[in-house]
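Enquirer: Let me begin by handing over the structure; questions about it come next.
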Amino acid sequence: MSKDSDVIPWWHGRLKERDLMRAFFAKTWTKIGNRIAVMFPDRVRDLYYSAGRLAGLEAQREYFKVGKQKPPGDFKGIVEFIKMALSTLIVPFGDVNITKLYKLWLDEEAIIEIRDNPYAAGLHSDEPSCYFLKGFIEAILEYLTDFNRIEFETLDVVEQTCMATGADACRFQIKLTYPAKGT
């Protein structure tokens, strides 16, 4: 990861409130990341990923406990909960959407797309670098599939594209593969 001195231009207070908050968050996140990279150069990926997993577990645990909400019980509901949690808690200044959600025989798949992702703003990387968000999504998915006793063969979360690599958005592919029945 490398940084730019200005994550988002600070045009003499002409930024709208949402843009200003996104710029502030992105710049702060980048500075924290740079300090972590100096202190723990070989552990940045693991630290961000672990922090994301912790945030995911805490977010869903508190949401269901405090809000007395019933956790979603199927893949579609879980993906919609992840989108809602990302939109309201984790990336409130970005544009979070579910761009694909389908079931095909033994697989269910979703793509969550984040445009204007402040976690990737100002970063330049050869590979997708939103480890925090990947950990967040995985933790919620694992917890809720376990909570609902959903049996699966594999569960994968892959960041397919990342703004840090020059893409127009960060896209996370979520795939759940179920075991074949009768085997």
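Let's see how each residue does on (1) without any contact (Cβ under 8 Å) to a residue 60 or more places away in the chain; (2) surrounded by fewer than 20 Cβ atoms within 10 Å (Cβ to Cβ):
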| site | (1), (2) |
| --- | --- |
| Gly122 | no, no |
| Lys134 | no, no |
| Asn148 | no, yes |
| Phe152 | yes, yes |
| Asp156 | yes, yes |
| Ala164 | no, no |
| Thr177 | no, yes |
| Ala180 | no, yes |
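Enquirer: Let me ask something else about it. Please verify whether region 91-101 includes one or more residues that are among the hydrophobic types (A, V, I, L, M, F, W, C), surrounded by 21 or more Cβ atoms within 10 Å (Cβ to Cβ), over 21 Å from Ile150 (Cα atoms) and under 16 Å from the mean Cα position of the chain (by Cα).
Expert: If we filter region 91-101 for residues that are among the hydrophobic types (A, V, I, L, M, F, W, C), which is where we start, we get 91, 93, 96, 98, 101.
From what is left, the residues that are surrounded by 21 or more Cβ atoms within 10 Å (Cβ to Cβ) are 91, 96.
After this cut, where a residue has to be over 21 Å from Ile150 (Cα atoms) as well, the list is 91, 96.
Imposing the further condition that a residue be under 16 Å from the mean Cα position of the chain (by Cα) reduces the set to 91, 96.
Yes; the residues of region 91-101 include at least one that is among the hydrophobic types (A, V, I, L, M, F, W, C), surrounded by 21 or more Cβ atoms within 10 Å (Cβ to Cβ), over 21 Å from Ile150 (Cα atoms) and under 16 Å from the mean Cα position of the chain (by Cα).
Enquirer: Please specify each residue of region 79-94 satisfying the condition of being over 13 Å from Phe136 (Cα atoms), touching a residue at least 12 places away in the same chain (Cβ under 8 Å) and part of a helix (DSSP H, G or I).
Expert: Selection gives Glu80 alone.
Enquirer: Something else now. Looking at region 9-18, can you tell me whether even one residue there is in a helix (DSSP H, G or I) and either modelled with pLDDT of 80 or more or within 18 Å of the chain's Cα centre (by Cα) (or both)? I'd like the intermediate steps shown before the answer.
Expert: From region 9-18, those in a helix (DSSP H, G or I) are 17-18; that's our starting set.
Adding the requirement that they be either modelled with pLDDT of 80 or more or within 18 Å of the chain's Cα centre (by Cα) (or both) leaves none.
Checked against the condition, which is being in a helix (DSSP H, G or I) and either modelled with pLDDT of 80 or more or within 18 Å of the chain's Cα centre (by Cα) (or both), region 9-18 yields no hits at all.
Enquirer: Turning to a different aspect of this structure: Being among the aromatic types (Phe, Trp, Tyr) and over 18 Å from Leu155 (Cβ atoms) is the filter here, so list the residues in region 53-83 that pass it. Write out each step before concluding.
Expert: Looking only at region 53-83, we keep the residues that are among the aromatic types (Phe, Trp, Tyr), and these are 63-64, 75, 81.
Answer for region 53-83, where residues must be among the aromatic types (Phe, Trp, Tyr) and over 18 Å from Leu155 (Cβ atoms): Tyr63, Phe64.
Enquirer: Okay, next question. Within region 45-71, how many residues turn out to be of a type outside the set (Asp, Glu), assigned to a helix (DSSP H, G or I) and at pLDDT 80 or above?
Expert: Step one: filter region 45-71 for residues of a type outside the set (Asp, Glu), giving 45, 47-57, 59-61, 63-71.
Imposing the further condition that a residue be assigned to a helix (DSSP H, G or I) reduces the set to 45, 47-57, 59-61, 63-66.
Imposing the further condition that a residue be at pLDDT 80 or above reduces the set to 45, 47-57, 59-60.
Of the residues in that region, 14 qualify.
Enquirer: Looking at Glu113 and the list (1) under 23 Å from Asp74 (Cα atoms); (2) in a loop (DSSP other than H, G, I, E, B); (3) not β-branched (Val, Ile, Thr), which single condition is not satisfied?
Expert: Among (1) under 23 Å from Asp74 (Cα atoms); (2) in a loop (DSSP other than H, G, I, E, B); (3) not β-branched (Val, Ile, Thr), Glu113 violates only (2).
Enquirer: Residues of region 146-162 being in contact with a Ser or Thr (Cβ under 9 Å, 6 or more places away or on another chain) and either closer than 30 Å to Ser125 by Cα or of a type in the set (Asp, Glu) (or both), which ones?
Expert: Here is the first cut: in region 146-162, the ones in contact with a Ser or Thr (Cβ under 9 Å, 6 or more places away or on another chain) are 151-156, 159, 162.
The answer is Glu151, Glu153, Thr154, Leu155, Asp156, Glu159, Cys162.
Enquirer: Determine which single condition Ser129 fails, assuming it passes every other condition in (1) buried (at least 21 other Cβ atoms within 10 Å of the Cβ); (2) more than 16 Å from the chain's Cα centre (by Cα).
Expert: (2)
Enquirer: Looking for whichever is touching a Pro at 6+ places or on another chain (Cβ under 7 Å) and modelled with pLDDT of 90 or more here; the options are Glu142, Glu138, Glu153. Which one fits? Explain how you work it out, then say what you get.
Expert: Details: Glu142 fails: touching a Pro at 6+ places or on another chain (Cβ under 7 Å); Glu138 fails: touching a Pro at 6+ places or on another chain (Cβ under 7 Å).
It is Glu153.
Enquirer: Considering only region 29-44, state which residues are in a helix (DSSP H, G or I) and basic (Lys, Arg).
Expert: Of the residues in region 29-44, the ones in a helix (DSSP H, G or I) are 29-39, 44.
Answer for region 29-44, where residues must be in a helix (DSSP H, G or I) and basic (Lys, Arg): Lys31, Arg35.
Enquirer: Here's a follow-up. Checking Pro128 against (1) touching a residue at least 12 places away in the same chain (Cβ under 8 Å); (2) under 26 Å from Phe64 (Cα atoms); (3) not small (Gly, Ala, Ser), which test does it fail?
Expert: (2)
Enquirer: So which of Asp116, Asp107 is more than 24 Å from Tyr178 (Cβ to Cβ), among the charged types (D, E, K, R) and modelled with pLDDT of 85 or more? It would help to see each step written out before you state the result.
Expert: Numbers: Asp107 fails: more than 24 Å from Tyr178 (Cβ to Cβ).
Just a single option satisfies the conditions, and that option is Asp116.
Enquirer: For region 85-102, enumerate the residues that are in contact with a strand residue (DSSP E or B) (Cβ under 9 Å, 6 or more places away or on another chain) and closer than 16 Å to Phe75 by Cβ.
Expert: Result: Ile98, Thr99, Lys100, Leu101, Tyr102.
The values are calculated or read from the model by the stated rules, or taken from the named source; none is laboratory data. Keep in mind that this is a model prediction, so the values were computed, not measured. Cβ atoms come from the backbone with ideal geometry, glycine included; neighbour counts cover every protein chain shown.
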